[in-house]
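The values are calculated or read from the model by the stated rules, or taken from the named source; none is laboratory data. Note that this is a predicted model, so its numbers are computed, not measured. For neighbour counting, all protein chains shown are included, and Cβ atoms are generated from backbone atoms with ideal geometry for every residue, glycine included. Surface accessibility is based on the protein's heavy atoms, side chains included, excluding ligands, DNA and RNA. Shrake-Rupley method; radii C 1.70, N 1.55, O 1.52, S 1.80 Å.
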Amino acid sequence: MEGAAVAQGAKVAVSLDAELVVEVMVLAGIGSPQDAVEAVVRDYVARGHRTEARVQLRDEPRQSRDGVPQPPQG
């Protein structure tokens, strides 16, 4: 779904197993099924963005981070 254009504030309705939703509500400590599932999804997305940022920093050449060219490896 990468690159998909979605209008701000657009809503999607999904059907989920009731036991799964209750478990999410209990684990999240949120009484509303809608709010609990939304919180979990938002957390999942935020965690993915943090992971992408860490990987990008790790994979950047050292030169671009500290301004000092590194000798050739190998």
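For region 16-52, filtered to residues that are of a type in the set (Ser, Thr, Tyr) and at pLDDT below 95, the residue that is nearest to the chain's Cα centre (by Cα) is 44. Pairs needed: first member in region 30-59, farther than 24 Å from residue 15 by Cα; second member anywhere, in a helix (DSSP H, G or I) and open to solvent by 70 Å² or more (accessible area, probe 1.4 Å); C-beta distance under 8 Å; at least 6 residues apart or different chains. Partner pairs satisfying both residue conditions: 57/65.
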